[in-house]
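**Student:** Could you have a look at this structure, given as structure tokens, before my questions?
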2 protein chains.
Amino acid sequence: MADSNDKREPEYMSSVIPGWFSEISPMWPGEAHSLKVEKILFQGKSDYQDVMVFQSSTYGKVLVLDGVIQLTERDECAYQEMITHLPLCSIPNPKKVLVIGGGDGGVLREVARHSSVEQIDICEIDKMVVDVSKQFFPDVAIGYEDPRVTLHIGDGVAFLKAVPEGTYDAVIVDSSDPIGPAQELFEKPFFAGVIGFMLCSTEGPSVDFKNPINSIDANNSCSKSKGPLKFYNSEIHTAAFCLPSFAKKVIDAKTK
Amino acid sequence: MADSNDKREPEYMSSVIPGWFSEISPMWPGEAHSLKVEKILFQGKSDYQDVMVFQSSTYGKVLVLDGVIQLTERDECAYQEMITHLPLCSIPNPKKVLVIGGGDGGVLREVARHSSVEQIDICEIDKMVVDVSKQFFPDVAIGYEDPRVTLHIGDGVAFLKAVPEGTYDAVIVDSSDPIGPAQELFEKPFFAGVIGFMLCSTEGPSVDFKNPINSIDANNSCSKSKGPLKFYNSEIHTAAFCLPSFAKKVIDAKTK
């Protein structure tokens, strides 16, 4: 249970609209998004963070880490499907995939839709996130049930250093924290309030992320337990790379 | 100034995080978006609604009608540009344009970028919205300065009934309220929380809204006073019609 001496808790729990949870983050100063709380289902403190699950009135159950909403049952599909299928549909035949973070299991669920995939490793630092997800978000944590999945509890950066280069066809970082050299990008996203991912291709043939070569709209991506895709399709894949003019301008300036 | 007997005010002013404005709407039950308030600049009650302007800490000045945020200086460009240029770039040579609502003037500013346009009529029911916008949002209300603009204070539905059919090449409804037969659509938007517009073409040649035939990326759309487009471009026009799978499904079911 939460420690009453913890100074972090009041930041997001005492300043809420009464009966509501408010996400107030230094990433988005001066604004807050709030969800009405029906009931707090879990509050704990792991070695790494505060973990909370509450039943919201209109977004289903909600997972919160250190005061930041990680997922809601209502809209988790948009995040999990896009962070997974944008990269995996952009390369011809992904076989080995590593997920860093993503302890809730949702990205695993989506990776498993790809029949070409033979091995799915996940490195999540916080076992409590895995356990809580299995208990409260079975439709998300169902990702762990795929036999191709191996869970490693540990630090993602250390894990990556220990494996030979070129082991994985794709690495998906589903982390709430800035990691190593990408820190700057994680701390200063260009589009506050909008889900944004960074996609990059390092070695091998160059990848055209904008025009997917690998469709998963086919029937084999849909199983009885996972259900059909709710958000991703090939059109929305390409549309995700169309930027408003102000964003184009920022990127053009950076790439000059 | 606000009447202390007004029972509507407490709904959104008393339930805020202290020092914050919270938008709590029956359109989006169980969630709220909040902005930190630096100073309330205007509070009034017109014949139609409560009108408020406040200085936010990170979104510039904010216009609020009956507790619902109408625009913020920081992101008004996205709304005004998209509601205007999606229709006007989809038809070959717009000459006469009617704006219903849009008393802040932002849509006028965008319509005026189109050099083919000869006449811009606006029918706004609430003169206080016009006056307040001219006072507090000069970069938005600059739309009124175009010589092609004529302002009509009155009810949009009555105005439309009084003009001969076919008078306008485009009618842009920028209204916070449901209007007549479209009420159902306004009250039950498919995508809560996402800016959504309905585009339709009635008589004349059919219009392909998805592939704009009329670009305004050219220089003549940018004047010293208005500045360049910040959001709209042809790519984002087309991308705006790419829907996530859950939304496609809803629309497919309705059009069967």
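The values are calculated or read from the model by the stated rules, or taken from the named source; none is laboratory data. None of the values given here were measured: they were computed from a predicted structure. Neighbour counts are summed over all protein chains in view; Cβ atoms, including those assigned to glycine, are modelled from backbone coordinates with ideal geometry. For accessibility, only protein heavy atoms count, side chains too; no ligands or nucleic acids. Shrake-Rupley method; radii C 1.70, N 1.55, O 1.52, S 1.80 Å.
**Student:** Which of the residues belonging to the range B:151-171 are of a type in the set (Asp, Glu) and closer than 11 Å to B:ILE100 by Cβ?
**Tutor:** Step one: list which residues in the range B:151-171 are of a type in the set (Asp, Glu), which gives B:155, B:165, B:169.
Within the range B:151-171, B:ASP155 is the sole residue that qualifies.
**Student:** When the residues of the range A:228-237 are filtered to those that are more than 7 Å from chain B (Cβ to nearest Cβ) and in a helix (DSSP H, G or I), which remaining residue is nearest to B:GLU235 (Cα to Cα)?
**Tutor:** In the first step, residues of the range A:228-237 are kept if they are more than 7 Å from chain B (Cβ to nearest Cβ); the result is A:228, A:234, A:237.
Checking which are in a helix (DSSP H, G or I) leaves us with A:234, A:237.
Numbers: A:SER234: 16, A:HIS237: 14 Å.
Only one residue tops the list, namely A:HIS237.
**Student:** Looking only at the range B:47-56, which residues are open to solvent by less than 50 Å² (accessible area, probe 1.4 Å) and either of a type in the set (D, E, K, R) or over 21 Å from B:GLN135 (Cβ atoms) (or both)?
**Tutor:** Applying the first criterion (open to solvent by less than 50 Å² (accessible area, probe 1.4 Å)) to the range B:47-56 yields B:49-54, B:56.
Scanning the range B:47-56 gives a single hit, B:ASP50.
**Student:** Identify all residues within the range B:117-134 that are open to solvent by 30 Å² or more (accessible area, probe 1.4 Å) and either of a type in the set (D, E, K, R) or in contact with a Lys or Arg (Cβ under 9 Å, 6 or more places away or on another chain) (or both); write none if there are none.
**Tutor:** Keep residues of the range B:117-134 that are open to solvent by 30 Å² or more (accessible area, probe 1.4 Å), which gives B:118-119, B:125, B:127-128, B:131, B:134.
Residues satisfying the conditions are B:GLU118, B:GLN119, B:LYS127, B:MET128, B:ASP131, B:LYS134.
So that you can scan it fast, the table gives a plain yes or no per residue for (1) more than 22 Å from B:ALA112 (Cα to Cα); (2) surrounded by fewer than 16 Cβ atoms within 10 Å (Cβ to Cβ); (3) modelled with pLDDT of 85 or more:
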residue	(1), (2), (3)
B:PHE136	no, no, yes
B:ASP139	no, no, yes
B:ASP146	no, no, yes
B:VAL149	no, no, yes
B:GLU165	yes, yes, yes
B:ASP169	no, no, yes
B:GLY180	yes, yes, no
B:LYS188	yes, yes, no
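**Student:** Continuing with this model, one more query. Which is out of contact with any helix residue (DSSP H, G or I) (no Cβ under 6 Å at 6 or more places or on another chain) and of a type in the set (Lys, Arg), of A:LYS61, A:LYS95? Give the derivation first.
**Tutor:** Working: A:LYS61 fails: out of contact with any helix residue (DSSP H, G or I) (no Cβ under 6 Å at 6 or more places or on another chain).
From the options A:LYS61, A:LYS95, the qualifying one is A:LYS95.
**Student:** Here's something else I'd like to know. Applying the selection to the range A:61-77, what residues are open to solvent by 20 Å² or more (accessible area, probe 1.4 Å) and within 14 Å of chain B (Cβ to nearest Cβ)?
**Tutor:** Scanning the range A:61-77 gives A:LYS61, A:ILE69, A:GLU73, A:ARG74, A:ASP75.
**Student:** Examine the range A:44-51 for a residue that is under 25 Å from B:SER245 (Cα atoms) and among the polar types (S, T, N, Q), and state whether such a residue exists.
**Tutor:** No, the range A:44-51 contains no residue that is under 25 Å from B:SER245 (Cα atoms) and among the polar types (S, T, N, Q).
**Student:** While we're on this one: Taking into account only those residues within the range A:197-212 that are polar (S, T, N, Q) and touching a Ser or Thr at 6+ places or on another chain (Cβ under 9 Å), which is most open to solvent (accessible area, probe 1.4 Å)? Even if it seems obvious, please write down each step before you answer.
**Tutor:** So in the range A:197-212, the residues polar (S, T, N, Q) come out as A:201-202, A:206, A:211.
Within this subset, residues satisfying the condition of being touching a Ser or Thr at 6+ places or on another chain (Cβ under 9 Å) are A:201, A:211.
Details: A:SER201: 49, A:ASN211: 82 Å².
Step by step, filter the range A:197-212, then rank; the result is A:ASN211.
**Student:** Using the structure shown, decide if B:GLN49 is more than 9 Å from chain A (Cβ to nearest Cβ) and at pLDDT 95 or above.
**Tutor:** Details: more than 9 Å from chain A (Cβ to nearest Cβ): yes; at pLDDT 95 or above: no.
No.
**Student:** For the range B:26-46, which positions are within 28 Å of A:LYS61 (Cβ to Cβ) and either open to solvent by 30 Å² or more (accessible area, probe 1.4 Å) or more than 12 Å from every other protein chain (Cβ to nearest Cβ) (or both)? Can you show your working first?
**Tutor:** Of the range B:26-46, the ones within 28 Å of A:LYS61 (Cβ to Cβ) are B:26-35.
B:PRO26, B:MET27, B:TRP28, B:PRO29, B:HIS33, listed by residue number.
**Student:** What are the pairs, 6+ residues apart or on separate chains, where a residue within the range B:102-115 that is within 17 Å of B:VAL171 (Cβ to Cβ) and open to solvent by less than 10 Å² (accessible area, probe 1.4 Å) has its Cβ under 7 Å from a residue that is of a type in the set (Val, Ile, Thr) and assigned to a loop (DSSP other than H, G, I, E, B)?
**Tutor:** B:VAL111/B:VAL117; B:HIS114/B:ILE216
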